[in-house]
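**Q** Mind looking over this structure? Questions follow.
The values are calculated or read from the model by the stated rules, or taken from the named source; none is laboratory data. Predicted model only: the values in this text are computed from it and were never measured. As a convention, Cβ positions derive from the backbone with ideal geometry for all residues, glycine included, and neighbour counts pool all protein chains shown.
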Amino acid sequence: MNSGLFGHPSNLSAQDKFSIVRSPIICLLRRQNIFPNNHYSIVYNVQTTLVLPSITRPGDIIWISNNSNIFTHVVARNGKRINQANEDLILDVPDRIVCLRYVNDSIGWLVT
C-alpha cells in the first residue's frame, strides 16, 4: 500500500484507496456533511440527507451504505454534478454500497 496516507489519494490504486477506508462512519444526523475517502453507513430508519463536499479533487472517493429500511435517503450534490446531472442522488436500492468518485467539474461525481 502507498504509504502517503496524508497525501492526496488520486495517486493511489483503487485497492489502496479502499484499504484507506477503515470502519464505516455511522450517520447519526438527519443532515450530515460527508468527506472524501470515508465510508458512511445509514443504519437508522430516519430520512437522512448526506451533503457532498463543495471542495473536491479528481480521484476523491466516498462510499455510502444504506442499511436502513428507508429508500429515500438523499445525497445532496452541494453545487457539484452527479453523473453529469445537476440533480441530487436518491439512495433507493437496499443493501448496496454506492461508490462515488469525483472525476471533474463537467462529470462531477461518478456513481459506481
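**Q** Check 18, 71 and return the single one that is within 20 Å of residue 91 (Cβ to Cβ), of a type outside the set (S, T, N, Q), surrounded by 12 or more Cβ atoms within 10 Å (Cβ to Cβ) and modelled with pLDDT under 90.
**A** Sole residue among the options that is within 20 Å of residue 91 (Cβ to Cβ), of a type outside the set (S, T, N, Q), surrounded by 12 or more Cβ atoms within 10 Å (Cβ to Cβ) and modelled with pLDDT under 90: 18.
**Q** For the list (1) out of contact with any Leu (no Cβ under 8 Å at 6 or more places or on another chain); (2) farther than 18 Å from residue 29 by Cβ, I need the number of the one condition that residue 71 fails.
**A** (1)
**Q** Additional query: Residue 36 is checked against (1) without any contact (Cβ under 8 Å) to a residue 40 or more places away in the chain; (2) under 22 Å from residue 107 (Cβ atoms) and fails just one. What number does that condition carry?
**A** Going through the list (1) without any contact (Cβ under 8 Å) to a residue 40 or more places away in the chain; (2) under 22 Å from residue 107 (Cβ atoms), residue 36 breaks only (1).
**Q** Also, quick follow-up: Residues being out of contact with any strand residue (DSSP E or B) (no Cβ under 7 Å at 6 or more places or on another chain), in a loop (DSSP other than H, G, I, E, B) and modelled with pLDDT of 95 or more: count how many of those fall in segment 78-104.
**A** Total meeting the criteria: 3.
**Q** Among the residues of segment 42-68, which ones are closer than 14 Å to residue 24 by Cβ and either in contact with a Gly (Cβ under 9 Å, 6 or more places away or on another chain) or polar (S, T, N, Q) (or both)?
**A** 48, 65, 66, 67, 68
**Q** May I ask you to list the residues in segment 53-77 that are more than 14 Å from residue 32 (Cβ to Cβ), part of a loop (DSSP other than H, G, I, E, B) and under 15 Å from the mean Cα position of the chain (by Cα)?
**A** 54, 55, 56, 57, 58, 59, 60, 67, 77 - these are the residues of segment 53-77 that are more than 14 Å from residue 32 (Cβ to Cβ), part of a loop (DSSP other than H, G, I, E, B) and under 15 Å from the mean Cα position of the chain (by Cα).
**Q** Could you please let me know if residue 108 is surrounded by 15 or more Cβ atoms within 10 Å (Cβ to Cβ) and either within 10 Å of the chain's Cα centre (by Cα) or in contact (Cβ under 8 Å) with a residue 40 or more places away in the chain (or both)? Spell out the reasoning first.
**A** Values: surrounded by 15 or more Cβ atoms within 10 Å (Cβ to Cβ): yes; either within 10 Å of the chain's Cα centre (by Cα) or in contact (Cβ under 8 Å) with a residue 40 or more places away in the chain (or both): no.
No: the conditions fail for residue 108.
**Q** Could you check how many residues of segment 79-94 are of a type in the set (Gly, Ala, Ser) and either more than 16 Å from residue 49 (Cα to Cα) or surrounded by 14 or more Cβ atoms within 10 Å (Cβ to Cβ) (or both)? Even if it seems obvious, please write down each step before you answer.
**A** Filtering segment 79-94 for residues of a type in the set (Gly, Ala, Ser) gives 79, 85.
This time we only want the ones that are either more than 16 Å from residue 49 (Cα to Cα) or surrounded by 14 or more Cβ atoms within 10 Å (Cβ to Cβ) (or both), so: 85.
Counting residues in segment 79-94 that are of a type in the set (Gly, Ala, Ser) and either more than 16 Å from residue 49 (Cα to Cα) or surrounded by 14 or more Cβ atoms within 10 Å (Cβ to Cβ) (or both) gives 1.
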